[in-house]
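Contents: one structure, followed by commentary.
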Amino acid sequence: METTLLLDWQTDPVRGVRTVRVLATLTGTVAADAARVPLHLGLVIDRSGSMGGEPLEAAREAAVSVVQRLHPDDIVSVVAFDDAASTVVPPGHGGLQPDIATDIRGIVEGGSTNLSGGWLRADALLRPFAREGTSTRIVLLTDGHANVGITDAGQLAALAQEARRRGITTSTIGFGRGYDEDLLRTMADAGGGNAWYIERNDQAGRVFAEELGDLQALCAQDVQVTLRLDGALQVRVHNDWPTQSSDAGLVLDLGDLYARDPKRVLAEFEVIDGMVAPHAMLGTLIVSAAVVSPQGIERRVTTTPITASMDAQQHIEPTIEREVLAAFVAQARRRAVALGDAGDTAAAEAELRRAAARCASAEPDAPELRLVREDLESLARKYGEHRADEADRKYLKQRAYNAMRGKLGYDVAMSRAPEHDEGSEPKPGPRAPRRSRKQSPPTEP
């Protein structure tokens, strides 16, 4: 695992301070001589009545495609739930379960949504396999709200957090416009996994592939970044990683690190304008992680001083500018949803149009920003014409989440075609370009 820093700065002469922007990028590679990390996967499929028809069909086929791509040494189990949970496939190696695809395709729709029952059953099945040196994950797919069993979001998040301490992480996949995105995102954050959203049935396979691809390229687990102030006055983080304050500084929980997806932290340090000495100390970046190595999984801590000479009034890095723009657009999407929820659709429209205008002025000829701008303008029109619906809310919130968590490939895949604004069915967005493990993905809002 490697940590690189990129810095720039600009001066506010009125306040007498300089803002130093720091982009920390954590990258990992799977060593050729490292032992393969065994994968223990528990699929939890909502089969409640509202999942009937195409949604459940898409979920079943995506689950089948995932188990067919597992390594023979991997262990998989499948749970289905409605009013109650049932074990469709008990834990076992794929090669020893010849009927697993038939069993998954045999899941049929039922009644209510006992989300906690499904998750708890998967947790019980995986618990004997969770140990150091393995990757054990529950993947929960649901289209609805928890209405049977444990329904409180705080209690469900606490369950996921406790399981994480025992070595079982949780990812969630929301299906369609009816799911509770705040609940599922809270569970994923507490469980150290990913939160996904499937707007269209044809996206299910891609989402499962993204999740499995990450797990198969695991480099480090339980990655935490601490930002400590030394010479700086204060620090602000642009990303929305789960964060808490401690005596050591701000502690960010980045979850697991995968070879194909670097983790980024974008922070702003504020310093006194006269602080221009060579290698002036701003703060310290401390990374703690359980790193996959040839000897197994080892807890490592690295400390990197954050220094800058700042011998000019300003120095701007284009890469950091793009990251700041991505964060601005993400926050605009979230603010638009909040304003729309409060009934102020005119303000929501204005928020999205400001973000589109900023994209236009940043890099007018960049094709990826043109697509983002068109998307923002399309949704702005929908708010202005009072046509924005629940699907638009979830779409905006998920794209904001993608940008703040660096999920570029998934963000590109879920983007809507421009004609969606005109009332036609959305078409699949462009597929993300293939990239090697050693390449860092381009940054896009």
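Structure summary
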{"quantity": "Candidate set: region 46-68, residues that are in contact with a strand residue (DSSP E or B) (Cβ under 7 Å, 6 or more places away or on another chain) and not in a helix (DSSP H, G or I); chosen: the one surrounded by the fewest Cβ atoms within 10 Å (Cβ to Cβ)", "calculated": "Arg47"}
{"quantity": "Test: residue in region 360-368 that is open to solvent by less than 50 Å² (accessible area, probe 1.4 Å) and either in contact (Cβ under 8 Å) with a residue 40 or more places away in the chain or basic (Lys, Arg) (or both)", "calculated": "no"}
{"quantity": "Search result, residues across region 1-42 that are closer than 24 Å to His93 by Cα and at pLDDT 85 or above", "calculated": "Leu39, His40, Leu41, Gly42"}
{"quantity": "Residue match in region 192-208 (condition: buried (at least 23 other Cβ atoms within 10 Å of the Cβ), in contact with an Asp or Glu (Cβ under 6 Å, 6 or more places away or on another chain) and among the aromatic types (Phe, Trp, Tyr))", "calculated": "no"}
{"quantity": "Residue in region 156-171 that is at pLDDT 90 or above, closer than 17 Å to Arg399 by Cα and among the acidic types (Asp, Glu) present", "calculated": "no"}
{"quantity": "Any hit, region 211-220, residues being within 15 Å of the chain's Cα centre (by Cα), within 21 Å of Ser50 (Cβ to Cβ), aliphatic (A, V, I, L, M) and buried (at least 18 other Cβ atoms within 10 Å of the Cβ)", "calculated": "no"}
{"quantity": "Close pairs from region 127-141: first closer than 17 Å to Pro294 by Cα, partner surrounded by 23 or more Cβ atoms within 10 Å (Cβ to Cβ) and of a type in the set (Ser, Thr, Tyr), Cβ under 9 Å, at least 6 apart", "calculated": "Ser135/Thr169"}
{"quantity": "Residues located in region 69-110, provided they are within 25 Å of Val37 (Cα to Cα), open to solvent by 20 Å² or more (accessible area, probe 1.4 Å) and in a loop (DSSP other than H, G, I, E, B)", "calculated": "Arg69, Leu70, His71, Pro72, Asp73, Gln97, Pro98"}
{"quantity": "Complete set of residues in region 233-282 that are in contact with a strand residue (DSSP E or B) (Cβ under 8 Å, 6 or more places away or on another chain), part of a loop (DSSP other than H, G, I, E, B) and crowded, with 16+ Cβ neighbours inside 10 Å", "calculated": "His238, Asn239, Trp241, Ala259, Pro262, Met275"}
{"quantity": "Pair list, Cβ < 9 Å and 6+ apart or interchain, from region 56-80 residues that are among the hydroxyl-bearing types (Ser, Thr, Tyr) to residues that are open to solvent by 40 Å² or more (accessible area, probe 1.4 Å) and part of a strand (DSSP E or B)", "calculated": "Ser77/Thr87; Ser77/Pro90; Ser77/Pro91"}
{"quantity": "Members of region 292-304 found to be touching a strand residue (DSSP E or B) at 6+ places or on another chain (Cβ under 8 Å), surrounded by fewer than 20 Cβ atoms within 10 Å (Cβ to Cβ), touching a residue at least 24 places away in the same chain (Cβ under 8 Å) and farther than 16 Å from Leu6 by Cα, listed by number", "calculated": "Arg300, Thr302"}
{"quantity": "Those residues of region 118-143 which are of a type in the set (Gly, Ala, Ser) and open to solvent by 10 Å² or more (accessible area, probe 1.4 Å), in sequence order", "calculated": "Ala124, Ala130, Gly133"}
{"quantity": "Unmet requirement for Thr27, which otherwise passes all of (1) among the β-branched types (Val, Ile, Thr); (2) more than 30 Å from Arg228 (Cα to Cα); (3) open to solvent by 10 Å² or more (accessible area, probe 1.4 Å)", "calculated": "(2)"}
{"quantity": "Hits in region 394-419 (condition: assigned to a helix (DSSP H, G or I), open to solvent by 20 Å² or more (accessible area, probe 1.4 Å) and either at positive phi or in contact with a Gly (Cβ under 7 Å, 6 or more places away or on another chain) (or both))", "calculated": "Val412"}
{"quantity": "Count of region 154-175 residues which are out of contact with any strand residue (DSSP E or B) (no Cβ under 6 Å at 6 or more places or on another chain) and crowded, with 21+ Cβ neighbours inside 10 Å", "calculated": "2"}
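The values are calculated or read from the model by the stated rules, or taken from the named source; none is laboratory data. Everything numeric in this text was worked out from a predicted model, so none of it was measured. Cβ: placed from backbone, ideal geometry, glycine included. Neighbour counts: every protein chain shown. The area values use the complete protein model at the heavy-atom level, side chains included, leaving out ligands, DNA and RNA. Shrake-Rupley method; radii C 1.70, N 1.55, O 1.52, S 1.80 Å.
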